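Asker: Sending over a structure as structure tokens; questions will come in a sec.
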Amino acid sequence: KKFEIGPLARPTVPGRASALENSLRGFAHRTTDNILCPDIGLCFDSLPEAYEYFNLYSWKIGFGIRYGRSHNYKCKYGPKKDVIYKTMQNIVCGCEGFPTKKNTSSVRCGCGTFIRLLRSDDHGWYIKDCKLEHNHPELVQNLRQNNVPLTKVYNILGTYFGSTDDVPFNKRSLENLCKQLSKEEANDDVWKTMELFTKMRDDDPSFVYTADLDSDGRIRTLICVNGKSKLDYRYFGDAITFDTTYKTNLYGMPFGLFVGVNNHFQSIIFSGVLMRQETIQTFEWIFREFTSLMGGKAPRTILTAMEVAIERVFPNTTHSWFKWRVLKMAKEKLGSVYNKYSNFKAEFHKLINYSITVVEFESAWEELIEKYELKEHHFLNAVIVGLNHISMGFFCAKMTSTQRSESPNHMLKGYVPPGAPMHLFVKQYNKLIADRISKEDAENQRTRMGGVVLKTGWPIEKHATTIYMSAMLEMFSDNIFDSATYNVIEVAPNKKYLTVHSDASRRQKWSKVHYGITISDDGGHYQCECGLAEHMGMLCCHAIRVMLRLGIDKVPDKRWTKEANDVLPHHLAHLPKDRGSLRSQLYHHASLHVAALELATIGDKNMSAIIRC
């Protein structure tokens, strides 16, 4: 278009209403909450008038504006040569674009809100194009979905605008925005959840969920399992935990987690469960359905408070309690006796964490309650029964320890906001699983790259570097180091030995100073009185001391080794093994690996089919 040089604004015409006046008159006939409504075709007499109109609108919505890109026409000849006439002007959100420096207090966050003004034939201005959607609410929504407190959200926005004083809305407005976002999240929750499940099924063909419905067709219990969890359970489902948490979703439904431990000594999630009621019948349904989804394999050990349901569904499974639950009950029931300044608390924790055998525990317990005159305390009398469920005589991958037996509430903290609708809960639960997988990948990489420093140089430690993951190698090296404090007494050659602590006077009164080790007839199994091998699946320092005495230089256990999850189906056991992709979250790689081997087996039996291919 050829422009003619003209005035900065069009002449004022008596009786012609301004854009602001027209908006005020038309508000009664609009369904929006905003008096001002920038729209394509809206005309202005001057650029400052257009800027003021958009500024009033932005003040009501809660954002700042500034001038953006512009086009100018420069006359090249005649009496008005070199005179500049502006033909286009963008007015943009204050957060438009991105900062040029990384470490800056710039408010720019890529917001695309703008109006584009062009010149009219009478030298006025009109809106040619506009976009009024901001990405600031998306920022707030993402932060709130990830359980970031409201005050922290406001402070984060303050960093975008330079300081909280420069945020173009107050904290109350932010709170109202968050309420509106929560209301929108809750709309069509069931449909959004089913849509999310469909997407999860598309991404992972092995993903499956099962729901238990009541007579009215409402969800009573919902359990879901993904493909990687099925593989993990196949390798590491021998010892699991199950516990529930509260107030994690819009409907107040308790949420339960099945958790295990992988060969990196990391917590891994097998399955998540939403339930309306915590009854024995509900837990029986959950345990049966979980076992069915996992291929019918029952765990060897389970840590849970649902003792009655466990006895009915898993009669051959060993049941145990959580240490963290016992400690939580102690804090609630013992009052002033159990506070951070109490010597009782320190001794109570030491007893729970470091007593190994039943004899040690009972001796230390008697000494403790007698010292603090607590023999008649009803809670402690109940605790002694409960602690009998935390025994070293069965395998539980050391999950009875406080660090291992994490509560679902602790695991979900930071992922799921309180009162989340079901679809958001599932979405954030997937983020929790993705984070766990990412940590597993990091440990895989650490093991692959090596770099672990040997502590002793014994041949058995060198052999351990070839089979153990890095985290477990460090623990095994610690056990070798600790074994040096024991002397070995031969009771029966190659059959039975006794290890005696070399500095017994420095041990606790109740602590054992000698442990008997029995060797199996084939020499492949070492059983110690401490029970650590049965409890954790790793050789204790006492057994290692005997092995060093006998010149054994190889580690027999598989549970924590690099090969622990390198298992093929029985009918494919004759085929070469493959360690698989380093990025374990790409479950499809593992699925395709097994499927390809099965296809190869079928192809071997039908040469004519191969020729046709």
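The values are calculated or read from the model by the stated rules, or taken from the named source; none is laboratory data. Fair warning: this is a prediction, and the values are worked out from it, not measured in the lab. With ideal geometry, Cβ positions are generated from the backbone for all residues, glycine too; neighbour counts draw on all protein chains shown.
Asker: When the residues of the stretch 448-469 are narrowed to those that are surrounded by fewer than 20 Cβ atoms within 10 Å (Cβ to Cβ) and under 17 Å from Q266 (Cβ atoms), which ends up modelled with the lowest pLDDT?
Answerer: V452
Asker: Tell me which residues, restricted to the stretch 207-229, are of a type in the set (D, E, K, R) and under 11 Å from R276 (Cα atoms).
Answerer: Listed by number, the residues that qualify are D212, D214, R218, R220.
Asker: Suppose we filter A434, A364 for residues that are assigned to a helix (DSSP H, G or I), surrounded by fewer than 19 Cβ atoms within 10 Å (Cβ to Cβ), among the aliphatic types (A, V, I, L, M) and at pLDDT 75 or above; which single one remains?
Answerer: Of A434, A364, the one residue that is assigned to a helix (DSSP H, G or I), surrounded by fewer than 19 Cβ atoms within 10 Å (Cβ to Cβ), among the aliphatic types (A, V, I, L, M) and at pLDDT 75 or above is A434.
Asker: Out of the strands (runs of 3 or more DSSP E) lying entirely within the stretch 182-264, which hold 3 or more residues that are within 20 Å of the chain's Cα centre (by Cα) and among the aliphatic types (A, V, I, L, M)?
Answerer: By residue number, 219-225, 255-261.
Asker: Would you confirm whether or not the stretch 501-509 contains a residue that is in contact (Cβ under 8 Å) with a residue 12 or more places away in the chain, loosely packed, with under 14 Cβ neighbours inside 10 Å and under 21 Å from E362 (Cα atoms)?
Answerer: yes
Asker: So, one more: Go over the candidates F476, F481 one by one and state the one that is modelled with pLDDT of 85 or more, under 30 Å from the mean Cα position of the chain (by Cα) and in a helix (DSSP H, G or I).
Answerer: On inspection, the qualifying residue turns out to be F476.
Asker: Follow-up question, since we're still on this one. List every residue pair whose Cβ atoms sit under 6 Å apart, with the two residues 6 or more apart in sequence or on different chains, where the first one lies in the stretch 222-241 and is under 16 Å from L257 (Cβ atoms) and the second, anywhere, is surrounded by fewer than 21 Cβ atoms within 10 Å (Cβ to Cβ) and of a type in the set (A, V, I, L, M, F, W, C).
Answerer: L222/A211; V225/V208; V225/L293; N226/F207; A239/F395
Asker: Quick one: is F44 at pLDDT below 80 and surrounded by 11 or more Cβ atoms within 10 Å (Cβ to Cβ)?
Answerer: Spelling it out, it is not the case that F44 is at pLDDT below 80 and surrounded by 11 or more Cβ atoms within 10 Å (Cβ to Cβ).
Asker: Still on this structure, please answer the following. Hey, which of the strands (runs of 3 or more DSSP E) in the stretch 494-552, taking only ones fully inside, have at least 3 residues that are closer than 21 Å to M475 by Cα?
Answerer: 526-528
Asker: Moving on. Filter the stretch 370-379 for residues that are touching a helix residue (DSSP H, G or I) at 6+ places or on another chain (Cβ under 6 Å) and either modelled with pLDDT under 70 or surrounded by 15 or more Cβ atoms within 10 Å (Cβ to Cβ) (or both) and give the result.
Answerer: Answer for the stretch 370-379, where residues must be touching a helix residue (DSSP H, G or I) at 6+ places or on another chain (Cβ under 6 Å) and either modelled with pLDDT under 70 or surrounded by 15 or more Cβ atoms within 10 Å (Cβ to Cβ) (or both): Y372, L374, F379.
Asker: Identify the single condition in (1) modelled with pLDDT of 90 or more; (2) within 23 Å of G419 (Cα to Cα); (3) loosely packed, with under 13 Cβ neighbours inside 10 Å that L222 does not satisfy, given that it satisfies every other one.
Answerer: Going through (1) modelled with pLDDT of 90 or more; (2) within 23 Å of G419 (Cα to Cα); (3) loosely packed, with under 13 Cβ neighbours inside 10 Å one by one, L222 breaks only (3).
Asker: Say whether the condition of being surrounded by fewer than 16 Cβ atoms within 10 Å (Cβ to Cβ), out of contact with any Cys (no Cβ under 8 Å at 6 or more places or on another chain) and not hydrophobic (A, V, I, L, M, F, W, C) is met by at least one residue in the stretch 477-484.
Answerer: Yes, the stretch 477-484 contains at least one residue that is surrounded by fewer than 16 Cβ atoms within 10 Å (Cβ to Cβ), out of contact with any Cys (no Cβ under 8 Å at 6 or more places or on another chain) and not hydrophobic (A, V, I, L, M, F, W, C).
Asker: Being among the charged types (D, E, K, R) and without any contact (Cβ under 8 Å) to a residue 60 or more places away in the chain is the filter here; which residues of the stretch 184-213 pass it?
Answerer: Answer for the stretch 184-213, where residues must be among the charged types (D, E, K, R) and without any contact (Cβ under 8 Å) to a residue 60 or more places away in the chain: E184, D188, K199, R201, D202, D203.
Asker: Let me ask something additional. Look through Y246, Y233, Y251 and report the one residue that is farther than 14 Å from H423 by Cα, modelled with pLDDT under 90 and not charged (D, E, K, R).
Answerer: Y246
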